[in-house]
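Below: one structure, written as structure tokens.
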Amino acid sequence: MSTPRPSFDPELLPALAQVNAEMPPGIVPEQIDAMRVRAARLAPGDETDMTLGGVFVESERTAPGPDGHPVPLIVWRPKETTATTGALYWIHGGGMIGGTHRGGEIPELLQLARELDLVLVSVGYRLAPEHPHPTPVEDCYAGLVWLHENAAESGVDPERVVVGGASAGGGLAAAVNLLARDRGGPAVRAQLLLYPMLDDRNDSVSAHQMAGVGTWDRASNDTGWGCLLQGAQGGPDTSPYAAPARAKDVSNLPPAYLEVGTAETFRDEVVEFASRIWKVGGHAELHVWPGGYHSFDAIAADAALSRSARGQRLPWLRRVLTD
């Protein structure tokens, strides 16, 4: 498939060049270790203050996983808040094969939590290929169950929990919401899905358009899905709890916020997922950012497009948490 490629926003290009100098857009399995080393180097160290100067109290917890494995959680609660409040339950990105629940996305999330007086909870799920599906999503679901069962201890209103994530974390967040619906599990107020990884088939127009460029191209996507599904990606039997785009029924899901760039692999699957929610009468707010590559808002944080993207999340969260 050969089609014209969307251009990148010019202001995003210098940061993209720096990333590509260290890590190519197409990651193959042999590069997973290097990817993890780079992510660990860029993540805040244990000595880094992740409380916004004492605004939050940070604590570590564990949730019992379905196989007895303790699932690590980090909880940040506003220090001065005494009343019960809402929570943002966050699932980190990393293509299903990398990332950490104490990664570089946390400071920005804490800013959101401070504005809305929320508890922030980040889950450390096990990664593929060492732990293929369903381990990652079951770990994430176990953490959500823990949050609801321990809501009183955490000072959280269990009816005001938003499940969110970026990239692979966004896909896992969507899958967790499907599991919660289908199992009659914990209530979820809304879902915040930032450029989510939804479809293992990896055959959309945007996947082909962006092959070989950007930050997570079709080859990287094949690597991530291949690790999660042990080489069965794209086949007829993929579970919707692994790849939410495979869900036949997307009704009765929490209101969704979805965003994606025009110049990234996930563009078409995200737009299609939002459209399917609308078709069954569901609630979805979709933002498609012109010239944005995958994770542009984090990679080129000071660019105008990145500031615009981040600026839309707070008002949406405020609306869904106060409705």
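The values are calculated or read from the model by the stated rules, or taken from the named source; none is laboratory data. Everything quoted here is computed from the prediction, not taken from an experiment. As a convention, Cβ positions derive from the backbone with ideal geometry for all residues, glycine included, and neighbour counts pool all protein chains shown. When the accessible area is computed, the model is the full protein with side chains, heavy atoms only, and any ligands, DNA or RNA have been set aside. Shrake-Rupley method; radii C 1.70, N 1.55, O 1.52, S 1.80 Å.
I'm trying to understand the selection: among the residues of the stretch 68-81, which are in contact (Cβ under 8 Å) with a residue 40 or more places away in the chain and assigned to a loop (DSSP other than H, G, I, E, B)?
First, the residues of the stretch 68-81 that are in contact (Cβ under 8 Å) with a residue 40 or more places away in the chain: 69, 71-78, 81.
Scanning the stretch 68-81 gives 69, 81.
In the stretch 142-160, the qualifying residues are those that are assigned to a helix (DSSP H, G or I) and among the acidic types (Asp, Glu), and the one that is most open to solvent (accessible area, probe 1.4 Å) is 149.
The one condition from (1) open to solvent by 60 Å² or more (accessible area, probe 1.4 Å); (2) within 14 Å of the chain's Cα centre (by Cα); (3) within 17 Å of residue 151 (Cβ to Cβ); (4) not polar (S, T, N, Q) that residue 90 does not meet is (1).
Go through the stretch 221-257 and give me each residue that's of a type in the set (A, V, I, L, M, F, W, C) and over 19 Å from residue 180 (Cα atoms).
Looking only at the stretch 221-257, we keep the residues that are of a type in the set (A, V, I, L, M, F, W, C), and these are 225, 227-229, 232, 242-243, 245, 247, 250, 253, 256.
Listed by number, the residues that qualify are 225, 227, 228, 229, 232.
On inspection, residue 282 passes the criterion of being without any contact (Cβ under 8 Å) to a residue 60 or more places away in the chain and open to solvent by less than 40 Å² (accessible area, probe 1.4 Å).
Taking the criterion of being basic (Lys, Arg), surrounded by fewer than 24 Cβ atoms within 10 Å (Cβ to Cβ), assigned to a helix (DSSP H, G or I) and in contact with a Pro (Cβ under 9 Å, 6 or more places away or on another chain), would at least one residue in the stretch 184-197 satisfy it?
Going residue by residue through the stretch 184-197, those that are basic (Lys, Arg) are 189.
Checking which are surrounded by fewer than 24 Cβ atoms within 10 Å (Cβ to Cβ) leaves us with 189.
Within this subset, residues satisfying the condition of being assigned to a helix (DSSP H, G or I) are none.
The answer is no, given that none of the residues of the stretch 184-197 is basic (Lys, Arg), surrounded by fewer than 24 Cβ atoms within 10 Å (Cβ to Cβ), assigned to a helix (DSSP H, G or I) and in contact with a Pro (Cβ under 9 Å, 6 or more places away or on another chain).
Against the list (1) open to solvent by 10 Å² or more (accessible area, probe 1.4 Å); (2) of a type outside the set (Lys, Arg); (3) within 13 Å of the chain's Cα centre (by Cα), the condition residue 81 fails is (3).
On the given criteria, is residue 302 assigned to a loop (DSSP other than H, G, I, E, B), at pLDDT 95 or above and either among the charged types (D, E, K, R) or over 23 Å from residue 174 (Cα atoms) (or both)? Please lay out each step first, then the result.
Values: assigned to a loop (DSSP other than H, G, I, E, B): yes; at pLDDT 95 or above: yes; either among the charged types (D, E, K, R) or over 23 Å from residue 174 (Cα atoms) (or both): yes.
In short, yes.
Taking the criterion of being open to solvent by 10 Å² or more (accessible area, probe 1.4 Å) and in a helix (DSSP H, G or I), the residues of the stretch 246-278 that qualify are 246, 267, 268, 269, 271, 272, 275, 276, 278. Within the stretch 1-56, being in a helix (DSSP H, G or I), among the small types (Gly, Ala, Ser) and touching a Ser or Thr at 6+ places or on another chain (Cβ under 8 Å) holds for 39, 40. Within the stretch 305-319, being polar (S, T, N, Q) and open to solvent by less than 10 Å² (accessible area, probe 1.4 Å) holds for one residue alone: 306. Taking the stretch 20-38 as the range and being modelled with pLDDT under 95 and of a type in the set (Val, Ile, Thr) as the test, only 37 passes.
Need the failing condition index for residue 307 against (1) in a helix (DSSP H, G or I); (2) touching a helix residue (DSSP H, G or I) at 6+ places or on another chain (Cβ under 6 Å), just the number. The one condition residue 307 does not meet is (2). For the stretch 82-109, filtering for residues that are part of a loop (DSSP other than H, G, I, E, B) and closer than 27 Å to residue 137 by Cβ leaves 14. For the stretch 302-322, filtering for residues that are touching a residue at least 24 places away in the same chain (Cβ under 8 Å) and either farther than 19 Å from residue 104 by Cβ or hydrophobic (A, V, I, L, M, F, W, C) (or both) leaves 11. For the stretch 110-141, a residue qualifies if it is open to solvent by less than 10 Å² (accessible area, probe 1.4 Å) and assigned to a helix (DSSP H, G or I), and the qualifying residues are 110, 113, 136, 137, 139, 140. With respect to (1) under 23 Å from the mean Cα position of the chain (by Cα); (2) open to solvent by 40 Å² or more (accessible area, probe 1.4 Å); (3) among the small types (Gly, Ala, Ser), the lone exception for residue 59 is condition (2).
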